[in-house]
Amino acid sequence: STMRVGAYMIDNSTKSPMTLASGVEFADYQHAHDEILAQLESVQLGDFEPWELEGARSVIINAVRTREDSGGRMEENILGQAATGLWETEETLIDALAAVTPERVADAAKSMTLDTVYFLKGEDEANA
């Protein structure tokens, strides 16, 4: 997986990219960089609260349940299944998500590494 934080990409080379985006001022780059990596390290060590895992699980399960509500999300789902060869039903996927343990999350996080850091820069209003 890969995590992009407005400027960051953390890569798990055996899985698809996981991105994390955030509005980070360039002047705050180092602080944001350090905080993102500190939070990743906390997850790698299993240092997170049960409510954080349950909140994340709830959001993902809700996304799975509502993916049929959008043509674009349906297309993403079908293309993703075709690309991976994994044709899971909604029920199977939700059951698998419900079974994820804190230890499994920590183990998965251990395979993540920083890959790409980038910033998007807009035009100065005076030069527009």
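Remarks
- Hull shadow area, averaged, the range 51-120 [alpha-carbon convex hull, nm²]: 6.8 nm²
- Extension gain, E49 back to D69 (0.36 nm per residue minus Cα-Cα distance, nm): 4.1 nm
- Computed over protein heavy atoms with a 1.4 Å probe, the carbon and sulfur contribution to the accessible area of the range 42-128 reaches 55%.
The values are calculated or read from the model by the stated rules, or taken from the named source; none is laboratory data. For clarity, every value in this text was computed on a predicted model and none was experimentally measured. These area figures cover heavy atoms from the full protein model, side chains too; ligands, DNA and RNA do not enter into them. Shrake-Rupley method; radii C 1.70, N 1.55, O 1.52, S 1.80 Å.
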